[in-house]
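Data block below; observations after.
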Amino acid sequence: MSELITNIGELMTQDSEQGTRRNAAVVLEGERIAWIGDAVHAPAADTVTDAQGRAMLPGWVDSHTHLIFAGDRTAEFEARMAGESYSAGGIAVSVDATRAADDFELTRLALGRVAEAVSQGTTYLETKTGYGLDVAQEARSARIASTIADEVTFLGAHLVPAGSDPDAYTELVCGPMLDAVRPYATWADVFCETGAFTPEQSRRVLAACRDAGLGLRVHGNQLGPGAGVALAVEFAAASVDHVNFLADTDVELLAQSWSGWDPAAGTGERGTVATVLPACDLSTRQPLAPARRLLDAGVQLAIASNCNPGTSYTSSVAYCVTTAVLQMGLSVHEAVRAATWGGALALHRERGVDEDGKRAVGSIAVGHRADLHMLKAPSATHLAYRPGIPLTHAVWRAGVRAV
């Protein structure tokens, strides 16, 4: 079956050849995009959807979430709003609740969070383990994650459980735990931060996971200056996330990692994406990540929700995009690009046309996966112009109307 979506007022494709089109149309065939052009030249299709002048974007690509959890951390949030500082230790509360929940409950909760994200325009998402923190629980989290998310990241190195020896736990992560999650995960991550994992421990985790064939990601430079960025670049990690506290040398390392990349064509050797998490910055009252500074330096940027129970309990990428425009100095186009194509880049999914079914996401181009987000507005500018207003009108996920 084919579907023609026509009379699109603004089509923000994030594709270098198509750019932003006015009075446009798109044809979907199955899960792929088959045609893009002017509405007046649109071919016939089995069904027709009239956009009535609304704007259309790629679906949000949320490249950083923590959806496999149970429990509530409202008390921690209230304490933080009353002036207590954030530390990594609150993760333990979620670990206890997650371990206590059965498979059905964890799956039900995670599916509800995915549905909530899709209802707001997210069509492709990554999620992590990290609230199990023993071999059996991390394997369970990874298995459940593989049934509800597009990409699974192993985050056994989220926090050292209370009472555990840090070095012994690091060895557990690098050995039996890694072996147990390997059938379900594509990526591995480490929380390289004061109160979590030291640079030396993080290096051991990254090396072991790389040797096991997993792609790499890093939580870094969130709570203060640190080694996260340097380690991410050294290990050619796909992304380093949070990046609130950056020295000039950190920015230079990230920029240099893209020296083999052609920014105009979007081709060449990928570097390390800097993923900023605006909702988390606001919830933890950390300085906002320097998104403007990173872009100006030539670093590729992603925006993600960091949906998790402790520091960013939202799946609204639109909220993050709005914050990036209003408070982080990005233009609407830059913010939308970071939350679509940038997220795909951080997951190594910005390329690929009909390659073993792994079609590109995060942009609207022929052969790419038909992930589309139609707004209740004539342009994407309304995302920042009308903050807080739910603007999702319709969502297509792999060619299927989901909203």
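The values are calculated or read from the model by the stated rules, or taken from the named source; none is laboratory data. Computed from a prediction, not measured in an experiment: that's the story for all the values here. Reconstructed Cβ throughout: ideal geometry from the backbone, glycine too, with neighbour counts over all protein chains shown. With ligands, DNA and RNA removed, areas are computed over all heavy atoms of the protein, side chains included. Shrake-Rupley method; radii C 1.70, N 1.55, O 1.52, S 1.80 Å.
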Work out which GluC sites (Glu not before Pro) in the chain are exposed loop sites (DSSP not H, G, I, E or B, at most 13 other Cβ within 10 Å) and give the longest gap free of them.
85-268
Residue by residue through the stretch 318-327, the couplings from Karplus 6.51 cos²θ - 1.76 cosθ + 1.60 with θ = phi - 60°, in Hz, x for Gly and Pro, are 4, 4, 5, 5, 4, 4, 4, 6, 6, 10
How charged is the neighbourhood of Leu254? Take every other residue with its Cβ under 13 Å from the Cβ of Leu254, and add Lys/Arg as +1 and Asp/Glu as -1.
-4
Difference of contour (0.36 nm per residue) and Cα-Cα distance, Ile389 to Val353:
9.5 nm
Using the Karplus curve 6.51 cos²θ - 1.76 cosθ + 1.60 with θ = phi - 60°, work out ³J(HN,Hα) for each residue of the stretch 75-82 in order, rounded to whole Hz, and write x for Gly and Pro.
4, 4, 5, 4, 5, 5, 5, 7
Show that you can apply the helix-only estimate: for the chain, add -39,500 (n - 2.57) for every DSSP H stretch of four or more residues, divide by all residues, and state [θ] at 222 nm to the nearest 500.
-9000 deg cm²/dmol
Fraction of antiparallel bridges per DSSP, the chain only, in percent to nearest 5
45
For a quick check: with amide H placed at 1.01 Å from N, whose amide H comes under 5 Å from His393's, ignoring anything fewer than 5 positions away on the same chain?
Met374, Leu375, Lys376
Karplus couplings for the stretch 201-207 from phi (6.51 cos²θ - 1.76 cosθ + 1.60, θ = phi - 60°), rounded to Hz, Gly and Pro as x?
5, 4, 4, 5, 5, 4, 5
Treating only the Cβ of Lys, Arg, Asp and Glu as charged (+1, +1, -1, -1), what charge dipole size does the chain show about its Cα centre? Round to the nearest 20 debye.
780
Enumerate by residue number the trypsin sites (Lys or Arg not before Pro) in the stretch 267-346 meeting two conditions: DSSP loop (anything except H, G, I, E, B), and at most 12 other Cβ atoms within 10 Å of the site's Cβ.
Arg285
Can you tell me what share of the DSSP beta bridges in the stretch 248-403 is antiparallel? A percent to the nearest 5 is fine.
75
Long-range amide H contacts for Ala302: which residues qualify at under 5 Å (H placed 1.01 Å from N, peptide plane, sequence gap of 5 or more or a different chain)?
Ala274, Thr275, Val276
Out of the total accessible area of the chain (probe 1.4 Å, heavy atoms of protein only), what percent is carbon and sulfur?
52
Expressed per residue, the solvent accessible area of the stretch 1-107 in Å² (1.4 Å probe) is about 44
Let me check something: with ligands and nucleic acids excluded, how do His393, His242 order by accessible area (1.4 Å probe), largest to smallest?
His393, His242
Using +1 at the Cβ of each Lys and Arg and -1 at the Cβ of each Asp and Glu in the chain, identify which of Gln52, Gly224, Ala344 lies farthest towards the dipole's positive end.
Gln52
Tell me, what is the per residue accessible area of the stretch 306-403 in Å², probe radius 1.4 Å?
35
Compute the orientation-averaged projected area for the chain from the convex hull of its Cα atoms and round it to one decimal in nm².
18.2
